[in-house]
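Reviewing the structure listed below.
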Amino acid sequence: MENNKPTLYTSLSPALLHLYDLRNAVVVIIDVFRATSTIASALYNGAQCVIPVDEVAKAIALSKNVNGIAAGERDGKIADGLQHGNSPLEYSPDFIKGRTLVLTTTNGTKLLQMALDNNADTIITGSFPNLSAVCDYLVKEKKNVVLGCAGWKDRYNLEDTLFAGAVISRIKEHFTIHCDSSLTAEMQYNAVKDDLHAFAPNLTHYHRLVDRFGLIEDIRFCMTPDVANVLPLYKEGMLLAH
């Protein structure tokens, strides 16, 4: 019976993504702090779509074409030339409803482009705010899954791995998993799942965002399950609420 189940793998860094076959898989782009939390927040609050791009100049030009909001960060702060950043709390319904968000980030949007370049079959984005939507979709689709952690400039990032572990802990009986990185992710998540917020100050990216920019509320939102429970699905250059 197990052989009929789809497979699930976890890529712990964008530098490892090329090792996985994405052609018949759903790839989950995971950038907890903060790109995929922001995408979920914007779509949950009524954005028409989110267009992920890999360069700031591209974001500015495209936003003018579509009358959208150019937003994003480099190294944790609002990128030069942009008015809006990568905070999920910035995109309230009264600001974002019905509008297009053009987003560029240091890690998450680049990983999405890599998944496209590696012929990913289906791409969705995931973070704790839309944990249930991601899990429900993966179970329903019955396709192979690659959980893609965005990390930080190709380095390992624990918060992305914790989210991968949260997904695995919920859906593992539906998949064949022979993958040490998936096992690691689930073990790490189980070790701290009862108080993610208390654990957060251990994370290097927490210090990058909180010590330098004071983004404590962002971190809290990004680690709270189901506060923006929508499924962002990539289609023809856009992430749409599925």
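The values are calculated or read from the model by the stated rules, or taken from the named source; none is laboratory data. Predicted model, so just to flag it, every value in this text is computed and none were measured. Note that we place each Cβ from the backbone using ideal geometry, even for glycine, and neighbour counts take in every protein chain shown. Areas reflect the complete protein model, heavy atoms only, side chains present, ligands, DNA and RNA absent. Shrake-Rupley method; radii C 1.70, N 1.55, O 1.52, S 1.80 Å.
Brief remarks follow.
- For L19: the one exception among (1) free of Cβ contacts under 8 Å to residues at least 24 places away in the same chain; (2) under 19 Å from the mean Cα position of the chain (by Cα): (2)
Every residue, every condition in (1) surrounded by fewer than 14 Cβ atoms within 10 Å (Cβ to Cβ); (2) under 12 Å from L158 (Cα atoms); (3) out of contact with any strand residue (DSSP E or B) (no Cβ under 7 Å at 6 or more places or on another chain), yes or no:
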{"position": "E186", "(1), (2), (3)": "no, yes, yes"}
{"position": "L196", "(1), (2), (3)": "no, yes, yes"}
{"position": "A200", "(1), (2), (3)": "no, yes, yes"}
{"position": "H205", "(1), (2), (3)": "no, yes, no"}
{"position": "D211", "(1), (2), (3)": "yes, no, yes"}
{"position": "G214", "(1), (2), (3)": "yes, no, yes"}
{"position": "F221", "(1), (2), (3)": "no, no, yes"}
{"position": "T224", "(1), (2), (3)": "no, no, yes"}
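- Condition check for A71: open to solvent by less than 10 Å² (accessible area, probe 1.4 Å), outside any helix (DSSP H, G or I) and either among the aliphatic types (A, V, I, L, M) or at negative phi (or both): yes
- Candidate set: segment 125-150, residues that are among the polar types (S, T, N, Q) and open to solvent by less than 10 Å² (accessible area, probe 1.4 Å); chosen: the one farthest from L111 (Cα to Cα): N130
- Of everything in segment 157-206 that is of a type in the set (S, T, Y) and more than 17 Å from the chain's Cα centre (by Cα), the residue that is nearest to V145 (Cα to Cα) is T176.
- Here M114 clears all of (1) open to solvent by less than 10 Å² (accessible area, probe 1.4 Å); (2) more than 24 Å from E90 (Cα to Cα) except the condition numbered (1).
- Any chance K153 is charged (D, E, K, R), open to solvent by 50 Å² or more (accessible area, probe 1.4 Å) and at negative phi: no
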